[in-house]
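The values are calculated or read from the model by the stated rules, or taken from the named source; none is laboratory data. Since this is a predicted model, take the numbers as computed values, not measurements. FYI the Cβ positions are ideal-geometry reconstructions off the backbone, even for glycines, and counts take in every protein chain you see.
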Amino acid sequence: MSEESVIRQTGERAASSAVVAASGTIPRVLAIARNTFREAVRDRVLYNLVLFVLLLTGGAIFLGEMSASQEAKIIVDMGLSAILLFGAFIAIFVGVGLVYKEIERRTIYAIFAKPVGRGEFLVGKYLGLCLTLLVNVFVMGAGVSLALVYVRGGLDPLAWTIWPAVALILMELMILVAVALLFSSFSSPALSALCTFFIFVIGHFSADLKIFAASLGSDATRAFFVALYYLLPNLSNYAYINAAAHGQMPAPDVFLVALIYGVVYVAVLLAAATLIFNRRNFK
Amino acid sequence: MMSHAVEINNLTKDYEVGFWRKRKVRALDKLSLEVERGEIFGFLGANGAGKTTTIKLLMRLMYPTGGSATILGRDIGDISMHARIGYLPEHPYFYDYLTAREFLEYCAELFGYTRHERKRRAADMLSRVRLEEKSWNKQLRKFSKGMLQRVGLAQALVNDPEVVFLDEPMSGLDPIGRREVRDLIASLRETGTTVFLCSHILADIEVLCDRAAILQRGRLAHAGRLDELRQLGGERGMEITVVGANMPELEARLAGIEGSRLTASPGGARIEVPTEKQVDAALDAVRASGARLVSVHPVGNPLEELFVAKVEMNEGQEEKK
Ligand SMILES: Nc1ncnc2c1ncn2[C@@H]1O[C@H](COP(=O)(O)OP(=O)(O)O)[C@@H](O)[C@H]1O
Ligand SMILES: [Mg+2]
């Protein structure tokens with residue numbers, strides 16, 4: 001090939017690079033997140049909503065005997081608990097497979113040969129699953145609100161006072177996804193799921209850990225449990241289901257603290273996962 | 001001076017194998033080579049020679065045990081350089097829930113192209129790799145291996161890369177597909193794209209490449225222009241086919257040519273001489289004996305002999321150890 005045509009080609013490339021609109025980190029992360037959401041939808045992750053609606057309707061019929069106000073309380077209790085459990089199920093089982101599946105199926109090979117950083121990939125996958133959870137939780141929350149309107153035969157304040165509690169559930173699920181992602185960045189999906197579930201459970205008792213630590217005699221064991229308290233996510237920040245069933249809403253500062261705690265905790269977990277993921281060889 | 005398209009210096013990779021007692025296996029041993037801009041460079045080696053390992057190191061999918069490399073003058077650790085390269089993985093597999101078109105648009109999006117440009121490029125590339133238009137909107141889970149290979153090529157070229165790395169691009173294709181992919185790779189020469197072509201099939205490298213490297217058990221055995229490599233393979237013999245020969249006379253006249261061999265064939269004869277230089281003398285003998293010339297052919301493929309001989313030699317050495 002002649003020298004001239006090389007130069008012409010290079011010129012064309014320079015011109016074509018002008019159509020690159022935004023080649024920054026954020027558009028790439030958003031593209032990955034959008035694709036992750038699309039995967040969840042096509043893999044029928046949203047089908048659980050059908051199950052949720054069936055459960056809710058079944059529950060409402062079963063509850064037909066009780067007084068209307070008691071009924072409403074039980075619907076909130078049961079509905080929000082179901083949102084948390086369904087959400088946790090998705091967060092854990094989809095979460096541990098988010099990255100693992102891409103490595104296993106070698107779909108990341110083509111992706112990392114493009115200008116995509118490993119951290120960008122992780123954050124994109126994370127946000128994609130969070131978006132999936134947001135849609136899920138929103139639809140389930142709306143289902144609970146509608147059920148309340150139905151059993152009370154009109155607008156009940158509970159139909160909207162439950163929403164701050166629903167938002168707290170979503171935050172908790174977002175922490176859970178980050179935990180699942182961190183574990184799966186260095187261990188198998190099965191083990192990651194088990195560990196994440198374990199953390200989900202003790203995360204709710206983490207406040208008790210501190211009290212328990214204070215009651216201990218030996219300095220070493222006390223230090224251990226105090227460390228555990230700070231290390232594990234404090235999920236009791238997000239447990240507002242019971243109060244919501246009694247028509248209470250979290251005070252703004254409680255809500256804000258939970259939000260900030262969640263953001264910081266997730267940021268730290270994602271940073272740790274990126275550090276681990278950065279060092280991996282995709283053999 | 002423009003930097004090389006690819007420059008590899010003492011690149012080394014050990015794999016850790018074994019679960020309990022980890023031991024290291026050297027898959028790539030101090031590989032050094034250079035690829036010029038605009039050339040189609042063949043990377044030839046038997047299965048397990050370390051070709052895929054080399055490419056994965058270059059793509060930053062793995063980290064080297066030792067050595068370094070640059071692509072377009074930038075260190076392989078510099079991910080932003082990936083905007084200017086393309087890669088077709090070995091046995092490619094992509095998101096099976098996406099259609100071919102969606103996948104290409106997604107790839108283009110990762111390069112930061114505008115929505116309009118993404119659509120244009122996706123359609124361009126899919127027709128360029130000759131994927132039938134009726135398959136564009138089918139999910140990749142329904143694709144055959146050959147179709148996936150084409151999608152793989154399309155995604156490798158979606159950003160008009162300056163250097164493209166192809167790991168066994170013809171595998172999984174039928175003969176027509178192989179020829180189409182071969183033509184596609186050849187057409188990259190016109191756009192000035194550098195091609196780093198990995199293959200264990202000599203014929204693919206031979207028809208496409210300007211230069212090639214032969215890799216053997218993780219070590220560079222040879223690198224150079226294809227004609228140089230052919231010469232390294234040694235002298236090639238020639239085969240002359242004639243008809244209407246007077247066999248006894250032809251045999252007598254050929255007696256003076258060292259190493260020549262005469263075989264009778266239906267209606268004629270085949271003469272083999274060990275070197276090209278002896279062809280003239282053999283042709284004189286043919287004419288003098290009154291036979292008619294049908295054809296003159298080179299025998300065997302010196303590059304193939306080089307390739308095969310090297311493998312055997314290395315295996316021999318391995319056994320002696
Ligand atoms: N993930 C791995 N773990 C251990 N050894 C590996 C791994 N991948 C490849 N190898 C070894 O490294 C060598 C080179 O493999 P590879 O680069 O795939 O060769 P090629 O692509 O030339 O066929 C082979 O001996 C292979 O067994
Ligand atoms: Mg290979």
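Some points to look at:
- B:Gly224 vs. criteria free of Cβ contacts under 8 Å to residues at least 40 places away in the same chain, away from ligand 2 (no atom under 16 Å from the Cβ), assigned by TED's automatic domain parsing to the domain that holds B:Asp96 and farther than 26 Å from B:Tyr95 by Cβ: yes
- Residues in the range B:186-206 that are within 12 Å of B:Gly42 (Cα to Cα) and more than 16 Å from ligand 1 (Cβ to nearest atom): B:Thr194, B:Val195, B:Ala203, B:Glu206.
- Among the residues of the range A:107-161, those identified as farther than 18 Å from B:Tyr106 by Cβ and outside any helix (DSSP H, G or I) are A:Gly153, A:Gly154, A:Leu155, A:Asp156, A:Pro157.
- Single match in B:Ala245, B:Ala212, B:Ala221, B:Ala252 (criterion: over 30 Å from B:Gly48 (Cβ atoms) and either aromatic (Phe, Trp, Tyr) or in contact with a strand residue (DSSP E or B) (Cβ under 9 Å, 6 or more places away or on another chain) (or both)): B:Ala245
- Residue list for the range B:128-144, filter: within 14 Å of another protein chain (Cβ to nearest Cβ) and part of a helix (DSSP H, G or I): B:Leu140, B:Arg141, B:Lys142
- Count - residues of the range A:124-158 that are within 14 Å of chain B (Cβ to nearest Cβ) and either touching a strand residue (DSSP E or B) at 6+ places or on another chain (Cβ under 8 Å) or of a type outside the set (Ser, Thr, Tyr) (or both): 3
- Residue within the range A:34-49 that is among the acidic types (Asp, Glu) and at pLDDT below 90 present: yes
- Within the range B:160-211, the residues that satisfy the criterion of being in a strand (DSSP E or B) and within 16 Å of ligand 2 (Cβ to nearest atom) are B:Phe165, B:Leu166, B:Asp167, B:Phe196, B:Leu197, B:Cys198, B:Ser199.
- Checking B:Tyr87 against (1) within 16 Å of ligand 1 (Cβ to nearest atom); (2) surrounded by fewer than 17 Cβ atoms within 10 Å (Cβ to Cβ), the condition it does not meet: (2)
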